[in-house]
1. For every other residue with a beta carbon closer than 15 angstrom to the beta carbon of Leu113, add +1 if it is Lys or Arg and -1 if Asp or Glu, then tell me the sum.
2. Counting heavy atoms of the protein chains only and a 1.4 Å probe, report the per residue accessible area for region 64-138 as a whole number of Å².
3. Please give the length that would be gained between Phe88 and Gln65 if that part of the chain were fully extended, namely 0.36 nm times their separation in residues minus their C-alpha to C-alpha distance (nm, one decimal).
Amino acid sequence: MAHAEGQQHPAAGQHQPAAGQQHAAVAGQHHIEGQQHPLGIYFKIWGLLFVLSTASYLVDYFHFQGYLRWTLIIVFMLLKAGLIVAVFMHMLWERLAIVYAILVPPLLLLVLLGIGAIEGDYTFFTRGTFFGAPSAAPVHGAPAAAPVQHR
């Protein structure tokens, strides 16, 4: 029967090495634990994060206003967050199941928040229609008020 290190299990009657010899044999084997990524990729991503942060600062510097401003800020924010999660949190090299387990719940929450925002706008504008200022036209089914005469 073989051990995980590739050594044979000593059978009855075989010579077993001394403790120091066994550790020396195991120490000679190279165990690779984890992945080693080149440092260059981290420096490139760090530089890209610096460029994206500068671009998001320039949005305020050039006084962009309205939807363009908020769209640019959110795009730069999501790009930076995606790079940090992908490279520095090692999601780029993980199994697809783990990536789905981490990314799908926040995406689902964003979809549900979007649906809730649309529903909130609909409710707000519907209240304005039904509970807004009274109109001069008579309401259907209500008796018309007689004109007031002043003497």
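The values are calculated or read from the model by the stated rules, or taken from the named source; none is laboratory data. Just so we're clear, the structure is a prediction, and the values are computed from it rather than from any experiment. Heads up, the Cβs are rebuilt from the backbone with ideal geometry, glycines too, and the neighbour counts pull from every protein chain shown. What goes into the accessible areas is simple: the full protein's heavy atoms, side chains included, and nothing from ligands, DNA or RNA. Shrake-Rupley method; radii C 1.70, N 1.55, O 1.52, S 1.80 Å.
1. Local net charge: -2.
2. 85 Å²
3. Using 0.36 nm per residue and subtracting the Cα-Cα distance, I get 5.0 nm.
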